[in-house]
Amino acid sequence: MKIMQILATLKTKKITPEQLFMLSVLAVNGGNYLYNLILGRVLGPAQFADAAVLITFLLVLSFAAMTFQLVTAKFSVLFENDIFKSFVSTIYKNALLVGVIMGVLIVVFASQLQNIFNTSSSNMFVVFGCGVPLYFLMSVNRGVFQGKKAFKSLSITYQSEMLSRLIITLGLILIFNIQSSVVIAVGILASFVFGLLPFKFPNIISKKALVLSKTHSKEIKSFFVITAFYELTQIIINNSDILLVKHYFESYEAGLYASLALIGRIVYFIAWMFVMLLLPTVVQLKKDGKETAPTLFKYVGYIAAISITIIIACLSFPETIITLLFGDSYIAMAPLLWKYAIATSMFAISNIFAYYYLSLDKYIPVVISGVFGMLQMGLVIFYHDSLEQVVHMQIIAMLLLLAIQLAFFKYDQIKSKNNLI
């Protein structure tokens, strides 16, 4: 009888779209991790260093395109009807233009990129560059889904991208025994095509599109510029270390470091899931005149708890974690695992604060992130005698970033209370 009651209760409690999206993001992150782990095992440290460059380029591209996604998401909440259609049409055209320019630049300078990052081929950059415009279109499409809270469609586009990249890349490597960085680039390009689904092509060119008012255009441009600046800081903080290590160290050491970064950054990728939910929620609460701080506290609490758990695990079982995920070839990175996890945890928490204030049109935390992103890169450029020193420089930069973000939050709260009195 009790079992029947429990089953009846479970049936009445349906999974919310937000919960479905969170589960989907966890699955996507898990799939992306599996993709990287298999590449690390199949290719070995030296060849994995080349793959890590492409994967890092993919992350850089995702941050750049995220500017369009966040702008689209925010104004999809604020705009309605014809104004919304006009906005979407305009943002698609601009995203495609930027994507084409970036893609052409990558293709034209492929040989120079090969020399800078010491890769075995320039063709991998050519193939990757061809897919860049598709990624920007995909990001605007996701921004519409995010802003309208169409989490089912948003989940599908992320799942399609991840699964296609995993299946196509590993299929080419394992079936045809082709261990080339060009194969990885082909898999990435194909995943951009699948990631467009579901996609409404008529939205790109709206025949009856209204001209946006000067007020709306100014508001969009201001948010776009500050978001682009912030995403640039994200690129610097989250990816400069791998690219600098690839530049300063031998391929073997760079491959070892890439495995360390992949494991340690699990905190950031989980935090990204909460950021996707945070932005439209905070924008909507502000629009409705409701309190937004409790939403921030909730997500910071989630990330802090996850971070502490991961750091303890990395400190307690570093060799076991690295052996299980990458194999014995990467075991030299075990002593640095918990330290890298600390750096990424502090960055993930700082990131929640920055996106929160970005949603509220307060941009000082964004500037703060930019300053410390440059500081981190500068520290690594001047202090890179060993991989351990590279990690220590990141801990210093991220500790200072988190401390100042917390201090700004406290100052902002006190200022808000005084204004109410």
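The values are calculated or read from the model by the stated rules, or taken from the named source; none is laboratory data. Only a predicted model underlies this, so the values are computations on that prediction, with no experimental measurement involved. Note: ideal-geometry Cβ built from the backbone for every residue, glycine included; neighbour counts use all protein chains shown.
If you check V100 against the conditions, is it surrounded by fewer than 20 Cβ atoms within 10 Å (Cβ to Cβ) and more than 22 Å from the chain's Cα centre (by Cα)? Steps first, answer last, please.
Values: surrounded by fewer than 20 Cβ atoms within 10 Å (Cβ to Cβ): yes; more than 22 Å from the chain's Cα centre (by Cα): no.
Criteria not met by V100.
Name the pairs whose Cβ atoms lie under 7 Å apart, with the first residue in region 392-417 and closer than 16 Å to G264 by Cα, the second modelled with pLDDT of 90 or more and among the basic types (K, R), and 6 or more positions between them or separate chains?
Note: pairs meeting the criteria are I395/K339.
Tell me which of these S206 doesn't satisfy, since it passes every other one: (1) crowded, with 17+ Cβ neighbours inside 10 Å; (2) under 25 Å from the mean Cα position of the chain (by Cα); (3) modelled with pLDDT under 90; (4) closer than 29 Å to V283 by Cα.
(2)
For region 317-332, what are the residues that are of a type outside the set (D, E, K, R), out of contact with any Asp or Glu (no Cβ under 8 Å at 6 or more places or on another chain) and over 14 Å from L37 (Cβ atoms)? I'd like the intermediate steps shown before the answer.
Start the filter on region 317-332 by keeping residues that are of a type outside the set (D, E, K, R), which leaves 317-318, 320-327, 329-332.
Among the residues that remain, those that are also out of contact with any Asp or Glu (no Cβ under 8 Å at 6 or more places or on another chain) are: 317-318, 320-327, 329-330, 332.
Matches in region 317-332: F317, P318, T320, A332.
Let me spell it out: the conditions are (1) surrounded by fewer than 20 Cβ atoms within 10 Å (Cβ to Cβ); (2) over 22 Å from N29 (Cβ atoms); (3) touching a residue at least 60 places away in the same chain (Cβ under 8 Å), and A254 meets all of them except one. Which number is the exception?
(1)
Can you name the residue in region 70-129 that is aromatic (F, W, Y) and part of a helix (DSSP H, G or I) and, of all such residues, is nearest to L244 (Cα to Cα)?
Initial filter on region 70-129 (aromatic (F, W, Y)): 75, 79, 84, 87, 92, 109, 117, 125, 128.
Keeping just the survivors that are part of a helix (DSSP H, G or I) gives 75, 84, 87, 92, 117, 125, 128.
On the way: F75: 36, F84: 42, F87: 39, Y92: 33, F117: 9, F125: 18, F128: 20 Å.
Looking at residues that are aromatic (F, W, Y) and part of a helix (DSSP H, G or I), I get F117.
Could you identify the single residue in K290, K298 that is charged (D, E, K, R), at pLDDT 80 or above, part of a helix (DSSP H, G or I) and surrounded by fewer than 16 Cβ atoms within 10 Å (Cβ to Cβ)?
Details: K290 fails: part of a helix (DSSP H, G or I).
That would be K298, the only listed residue that is charged (D, E, K, R), at pLDDT 80 or above, part of a helix (DSSP H, G or I) and surrounded by fewer than 16 Cβ atoms within 10 Å (Cβ to Cβ).
Yes or no, residue by residue, for (1) under 22 Å from the mean Cα position of the chain (by Cα); (2) surrounded by fewer than 20 Cβ atoms within 10 Å (Cβ to Cβ):
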site: V71; (1), (2): yes, no
site: D82; (1), (2): no, yes
site: N115; (1), (2): no, yes
site: F125; (1), (2): yes, no
site: V132; (1), (2): yes, no
site: K152; (1), (2): yes, yes
site: S155; (1), (2): yes, no
site: L189; (1), (2): yes, yes
